[in-house]
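Undergrad: Would you mind keeping the following structure in view while I ask a few things?
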Amino acid sequence: MWWGSWCLRRPSGGTSHCGGSSAATTAVCPRSPTSTSVVPWCSAATPARPSSLAQQLAAAGEHVVDVPATLSARARVLATGGNRKTDEADARHVAQVALFRPDLRQVAAEDQTTILRLLTERRDDLVHERTRVLNRLHALLRDLLPGGVATGLSADKAAAAMKGIRPVTATDNCRRDIARVLLADLRRLDRLVKDNEIQMREAPAATRTTLTRLPGLGTVLAAKVLGHVGDVTRFPTEHHFASYTGSAPLDASSGNNVRHWLNTGGNRALNSVLHTIAICQIRDGWRGQDYYLRKISEGKTPSEARRALKRRLSNVVYRIMKRDQRNHHLAQAA
């Protein structure tokens, strides 16, 4: 998704600074020493991950705001020109939104939450790569051993199984050699995943979060929540937060029949975290299980009851993060 950002700056000595990736961004920069200078730029970013240029401007003390693509698109629809999309038109429409929408989120400097997001994304990449290597190793062992190997394969189990391999043909020799390389890759990835988890345990401790006290929410999931949410104050209410996480169901009611559909939008990484918490609480008998069973007794299907629980857990996560931030501000004031 493309996001346009503008830096609003009172001129000092009648100068203004322009930055951007196209000529259109500098073409609309006002240079009047008696008016507020507007420094526009457009880059690929999201509210939780502003572009590097936005971070540079924010670090330099500029007031940078994020303009969602949906708002600039609406401004383009209302303008003349047949809804044609050009660099110059985009810059002008982003400027119009930035100047007349006081509720746009200001870009903040990168902090500990950015580190957490980087670590969680790194872990996801490592886990996906480990799964790919494990599947390839499992397929080779299936061809090398009569009956193959059982599911739930690990590096130690694969090593034990490979000790009994006695290749007969040149093809089997090649399979065994590749399996040895894959086994080495698997052990390396296991070490990298463990090192990454150690880093993630240290990083949330620096934020002093209490999210890990919520049953079903461990260190890895807490780091993912903090990394993707960033500054929780950008969500005015818990309803805005639920919409962002995709846990707010879509109304599909008709007449007296009140129904809701699955919301496939929102941040799917956070939605996955809420799903994991819900499954753990339902399975292990925490308070979420009581809520889930109550919804089942009301006539909801298991999927609908689980969605309702995720919506409730979204509120809980939001309140915990708001409380942590409030306590942090009080500690700083003291």
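The values are calculated or read from the model by the stated rules, or taken from the named source; none is laboratory data. Computed from a predicted model, the values in this text were never measured in an experiment. Using ideal geometry, Cβ is built from the backbone for each residue, glycine included, and neighbour counts are taken over all protein chains shown. The area values use the complete protein model at the heavy-atom level, side chains included, leaving out ligands, DNA and RNA. Shrake-Rupley method; radii C 1.70, N 1.55, O 1.52, S 1.80 Å.
Undergrad: Out of region 72-89, which residues are open to solvent by 30 Å² or more (accessible area, probe 1.4 Å) and in contact with a strand residue (DSSP E or B) (Cβ under 9 Å, 6 or more places away or on another chain)?
TA: If the condition is that a residue be open to solvent by 30 Å² or more (accessible area, probe 1.4 Å) and in contact with a strand residue (DSSP E or B) (Cβ under 9 Å, 6 or more places away or on another chain), then Asp87 is the only one that fits.
Undergrad: Would you call Ala248 assigned to a loop (DSSP other than H, G, I, E, B), of a type outside the set (S, T, N, Q), buried (at least 20 other Cβ atoms within 10 Å of the Cβ) and touching a residue at least 24 places away in the same chain (Cβ under 8 Å)?
TA: In short, yes.
Undergrad: Taking region 107-123, which residues are out of contact with any Asp or Glu (no Cβ under 8 Å at 6 or more places or on another chain) and outside any helix (DSSP H, G or I)?
TA: Step one: of region 107-123, the residues out of contact with any Asp or Glu (no Cβ under 8 Å at 6 or more places or on another chain) are 109-112, 114-122.
Selection gives Ala109, Glu110, Asp111.
Undergrad: What's the total number of residues in region 288-309 that are among the hydrophobic types (A, V, I, L, M, F, W, C) and within 21 Å of Thr245 (Cβ to Cβ)?
TA: At the first step, the residues of region 288-309 found to be among the hydrophobic types (A, V, I, L, M, F, W, C) are 293, 296, 305, 308-309.
Filter once more, keeping what is within 21 Å of Thr245 (Cβ to Cβ): 305, 308-309.
So the answer is 3.
Undergrad: Name the residues in region 186-216 that are open to solvent by 50 Å² or more (accessible area, probe 1.4 Å) and more than 30 Å from Arg323 (Cβ to Cβ), would you?
TA: Arg187, Arg188, Arg191, Leu192, Lys194, Asp195
Undergrad: Follow-up. Scan region 208-245 for residues that are of a type in the set (Ser, Thr, Tyr) and within 25 Å of Val107 (Cα to Cα) and jot them down.
TA: Just the residues of region 208-245 that are of a type in the set (Ser, Thr, Tyr), to begin with: 209-210, 212, 219, 233, 237, 243-245.
Thr209, Thr233, Thr237, Ser243, Tyr244, Thr245 - these are the residues of region 208-245 that are of a type in the set (Ser, Thr, Tyr) and within 25 Å of Val107 (Cα to Cα).
Undergrad: Taking Glu129 as the residue in question, decide whether it is of a type in the set (Asp, Glu) and either modelled with pLDDT of 90 or more or within 15 Å of the chain's Cα centre (by Cα) (or both).
TA: Numbers: of a type in the set (Asp, Glu): yes; either modelled with pLDDT of 90 or more or within 15 Å of the chain's Cα centre (by Cα) (or both): yes.
Spelling it out, Glu129 is indeed of a type in the set (Asp, Glu) and either modelled with pLDDT of 90 or more or within 15 Å of the chain's Cα centre (by Cα) (or both).
Undergrad: Can you name every residue in region 112-152 that is touching a helix residue (DSSP H, G or I) at 6+ places or on another chain (Cβ under 6 Å), within 30 Å of Val232 (Cα to Cα) and either of a type in the set (Ser, Thr, Tyr) or open to solvent by less than 50 Å² (accessible area, probe 1.4 Å) (or both)?
TA: Thr113, Leu116, Arg117, Leu119, Thr120, Leu126
Undergrad: Just a yes or no: is a residue in region 283-293 closer than 16 Å to Leu221 by Cβ, among the basic types (Lys, Arg) and under 19 Å from the mean Cα position of the chain (by Cα)?
TA: No, there is no match, as no residue in region 283-293 is closer than 16 Å to Leu221 by Cβ, among the basic types (Lys, Arg) and under 19 Å from the mean Cα position of the chain (by Cα).
Undergrad: Residue pairs, Cβ under 8 Å, 6 or more apart or interchain, first in region 79-102 and closer than 15 Å to Val64 by Cα and part of a loop (DSSP other than H, G, I, E, B), second at pLDDT 80 or above and aliphatic (A, V, I, L, M). List them.
TA: Filtered contacts from region 79-102: Arg101/Val67; Arg101/Leu71.
Undergrad: Cβ contacts < 9 Å: first residue free of Cβ contacts under 8 Å to residues at least 60 places away in the same chain, restricted to region 210-222; second residue of a type in the set (Gly, Ala, Ser) and in a loop (DSSP other than H, G, I, E, B), any location; separation 6+ or different chain. Result?
TA: Listed by first residue and then by second, the contacts come to Thr212/Gly218.
Undergrad: Let me ask you something else. State whether one or more residues within region 90-108 are open to solvent by 70 Å² or more (accessible area, probe 1.4 Å), at pLDDT below 80 and under 30 Å from Ala205 (Cβ atoms).
TA: Yes, region 90-108 contains a residue that is open to solvent by 70 Å² or more (accessible area, probe 1.4 Å), at pLDDT below 80 and under 30 Å from Ala205 (Cβ atoms).
Undergrad: Could I ask something else about it? Determine whether region 220-237 contains at least one residue that is more than 18 Å from the chain's Cα centre (by Cα) and surrounded by 12 or more Cβ atoms within 10 Å (Cβ to Cβ).
TA: no
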